[in-house]
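Encoded as structure tokens, the structure appears first; notes follow it.
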Amino acid sequence: MTGHEQPGLLWTPTPESARGTRAADFARWVGRRRGLDFGDPPDYDTLWRWSVEHPDQFWADLAGWSRVLPGVPDDEVLTDRRMPGAVWFPGRRLNYAEQALRWDLAGPALVVVDEDHAPVEVSWAQLRGQVGAFAATLRRLGVRAGDRVAGYLPNVPEAVVAFLGAASIGAVWSSCAPDFGTRAVLDRFAQIEPVVLVSIDGYRFNGREHDRRDVVAELRTALPGLRATIAVPRLHPAEVPAGTLPWAEAVREPQEPVFEPLPFDHPLWIVYSSGTTGLPKGIVHGHGGIVLEERKFVGLHLDVGPGDRFFWYASTAWIMWNISVSALLTGATVILYDGAPTYPDLDAQFALAASTGMTYLGTSAGYLTACERAGLRPGKTRDLSRLSGVGSTGSPLPAAAYRWVYDAVKQDVVLGSTSGGTDVATAFIGASPLLPVTVGELQRPLLGVAAAAWDDDGRPVVGEVGELVVTEPMPSMPLYFWNDADGRRYREAYFEPWPGVWRHGDWLEVTERGTCIITGRSDSTLNRGGVRMGTADIYAAVEAIPAVLDCVVLGVEEPDGGYWMPLFVQLTPGAQLTDELVAEIKTAIRRTASPRHVPDQVIAVPGVPHTRTGKRLEVPLKRLFQGVDPAKAVNKGAVDDEALVDHYIGLAQRRMSREAGRGHVPAPGA
């Protein structure tokens with residue numbers, strides 16, 4: 001392959017490296033079983049085409065090759081292909097926790113690290129024993145299949161044990177990170193009415209302690225369905241809140257877990273949408289779909305399995321935590337880190353890779369970009385000899401960061417920039433060790449993902465930006481939304497304007513060579529560092545301040561990898577945007593919504609434009625600040641006050657001029 005055919009080539013697999021991958025092993029297994037020839041080494045595009053044209057065969061073979069559900073006939077895999085409403089593996093039973101804990105390996109199951117201590121290893125036997133003990137405690141508390149168990153926890157081993165213990169008995173897990181304020185947590189947990197809360201008393205982040213005892217007390221009062229609160233000590237190990245069960249008691253008697261055999265589509269966990277248009281939507285995924293999807297994503301695409309040490313920097317509020325824990329399904333060791341991403345220094349994640357013998361480092365595009373801009377060279381200062389893969393998600397990875405990884409980290413890693421979502425607990429577009437890595441591009445749609453870019457008329461486009469759509473069902477698509485009995489909210493979220501076709505909300509370009517470019521969100525979700533939050537949480541915090549009459553917040557992805565998050569505020573008559581008011585606004589957001597989503601700037605405006613049905617004009621305003629022609633970005637006829645739109649056009653144009661003067665010209669948007 002010449003440089004002209006594949007511009008910006010950074011890495012390419014050798015025939016030997018490709019043949020040694022799990023994806024190649026799977027392709028050979030399928031070829032022998034079905035008499036198919038995918039090539040030697042396998043040709044990814046041929047394998048992908050078969051996987052989306054014959055989804056029943058692909059998922060049957062993945063279930064067989066992975067020994068999750070061997071021997072299922074093709075006609076009993078996908079008995080209804082409608083979206084939503086696809087029916088997968090009817091009548092088959094399994095349990096996520098049993099699949100995750102089935103391994104009997106010499107290496108550890110978990111490596112636990114925080115800001116204060118050296119790595120601690122947890123063996124597979126120890127993990128099974130604690131999961132069994134916690135599950136027995138849940139049973140003693142009367143928890144049954146279908147009941148909800150909630151965790152207000154950081155990325156600590158107790159979260160993994162509690163999740164697997166709940167899953168083992170068929171209870172439904174849901175978690176929030178302790179940097180979320182009371183209201184943000186209740187917006188999520190109050191919907192699902194948990195019967196057990198597992199809560200931390202505080203956490204350490206960036207060298208500072210954050211006490212959460214008051215928040216936990218408020219949660220216990222506001223969740224009347226709780227039968228028990230299990231208290232995990234972190235900052236105050238000698239203190240057990242009255243009326244709670246100490247964690248040590250909950251896992252006091254290690255024992256082998258007893259796994260409930262569950263239907264393929266039994267609920268596993270509830271994760272949450274960003275809440276752009278109201279309360280966050282509770283997204284329910286099933287045991288079977290998640291098991292198969294993560295065996296595919298982590299195993300075949302990230303090439304992770306027994307002997308590997310897998311890490312992705314994530315909080316329990318981000319789907320990447322769920323995916324990271326799911327590396328246990330492949331037999332890999334999972335590295336848990338509880339702390340700030342850059343503590344005590346910017347290269348903290350590479351230091352962690354060196355100290356733990358990490359083989360796969362997953363992180364955010366923002367982190368890699370920050371390292372590149374700081375001129376770090378961790379490949380020279382850290383022992384990264386075991387590192388074979390680097391993953392990036394959360395936002396598009398800039399071209400300069402691609403080059404930096406191969407120049408400053410390691411020349412023989414597989415760099416995988418991925419685009420997926422909480423919605424499906426996986427990636428739509430991402431990496432494969434069978435494909436080369438090129439600057440600024442994602443390699444391909446994943447196996448089993450019939451992804452394409454469509455124009456406004458629902459036609460596939462190549463070489464231009466369109467909406468990311470998926471035209472065939474995936475087993476990890478949501479079973480349903482919580483409290484959405486007729487499925488209306490689910491259909492509205494993904495299946496409009498094209499019924500039966502998943503519209504994800506990302507801008508996608510498929511190149512003539514088949515590679516993919518994600519240019520950002522087509523909706524208004526705030527997506528900072530991979531942690532998504534809806535604008536509703538920000539508005540609730542800000543509008544409680546008497547001086548603020550109205551506001552609108554934007555998350556603007558920039559072509560150089562930056563992310564600008566301004567908050568525009570309309571003040572009450574006579575109020576001024578003083579430094580004190582800006583501080584009050586930021587403090588309110590930090591305390592009641594999320595410290596990760598404090599705006600970069602607070603800007604006073606004469607008003608906030610709305611649609612004629614009363615919705616803030618978030619997406620059109622965002623597109624203005626991304627450089628889109630105002631005539632294409634905003635339909636003034638649909639706005640309640642056209643003059644306000646002109647004010648924002650002026651703000652966007654002035655910002656464009658300032659950035660141009662600094663040599664940072666935002667590219668025109670789609």
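The values are calculated or read from the model by the stated rules, or taken from the named source; none is laboratory data. Computed from a predicted model, the values in this text were never measured in an experiment. With ideal geometry, Cβ positions are generated from the backbone for all residues, glycine too; neighbour counts draw on all protein chains shown.
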Among the residues listed as 395, 364, the single one being polar (S, T, N, Q), closer than 23 Å to residue 207 by Cα and at pLDDT below 95: 364
Which listed residue, of 240, 215, is in contact (Cβ under 8 Å) with a residue 12 or more places away in the chain and in the same structural domain as residue 147 (by TED's automatic domain parsing): 215
The range 23-63: number of residues that are more than 27 Å from the chain's Cα centre (by Cα) and closer than 26 Å to residue 263 by Cβ: 2
Residue among 288, 331 that alone is at positive phi and either crowded, with 24+ Cβ neighbours inside 10 Å or touching a residue at least 12 places away in the same chain (Cβ under 8 Å) (or both): 331
All positions within the range 294-316 that are part of a helix (DSSP H, G or I) and free of Cβ contacts under 8 Å to residues at least 60 places away in the same chain: 298
Single match in 474, 533 (criterion: at pLDDT below 90 and either buried (at least 21 other Cβ atoms within 10 Å of the Cβ) or in the same structural domain as residue 188 (by TED's automatic domain parsing) (or both)): 533
Within the range 367-392, considering residues that are at pLDDT 95 or above and surrounded by fewer than 16 Cβ atoms within 10 Å (Cβ to Cβ), the one nearest to residue 562 (Cα to Cα): 375
Subset of the range 145-203 (residues that are on the phi > 0 side of the Ramachandran plot and either in contact (Cβ under 8 Å) with a residue 60 or more places away in the chain or crowded, with 24+ Cβ neighbours inside 10 Å (or both)): 146, 170
Scan of the range 399-445 for residues that are assigned to a loop (DSSP other than H, G, I, E, B), out of contact with any helix residue (DSSP H, G or I) (no Cβ under 9 Å at 6 or more places or on another chain) and small (Gly, Ala, Ser), ordered by number: none
Positions within the range 8-46 being among the polar types (S, T, N, Q), in a helix (DSSP H, G or I) and touching a residue at least 60 places away in the same chain (Cβ under 8 Å), in sequence order: 17
Condition check for residue 523: under 26 Å from residue 370 (Cα atoms), in contact with a strand residue (DSSP E or B) (Cβ under 8 Å, 6 or more places away or on another chain) and not in a strand (DSSP E or B): yes
Cross-chain or 6+ apart pairs with Cβ under 6 Å, the range 366-389 first and among the basic types (Lys, Arg), then surrounded by 15 or more Cβ atoms within 10 Å (Cβ to Cβ) and modelled with pLDDT of 95 or more: 377/408; 382/350; 382/354; 386/357; 386/359
Set 497, 475: member being in contact with a helix residue (DSSP H, G or I) (Cβ under 7 Å, 6 or more places away or on another chain) and in a loop (DSSP other than H, G, I, E, B): 475
Qualifying residue in the range 99-117 (condition: closer than 19 Å to residue 479 by Cβ, touching a residue at least 40 places away in the same chain (Cβ under 8 Å) and either in contact with a Ser or Thr (Cβ under 7 Å, 6 or more places away or on another chain) or β-branched (Val, Ile, Thr) (or both)): no
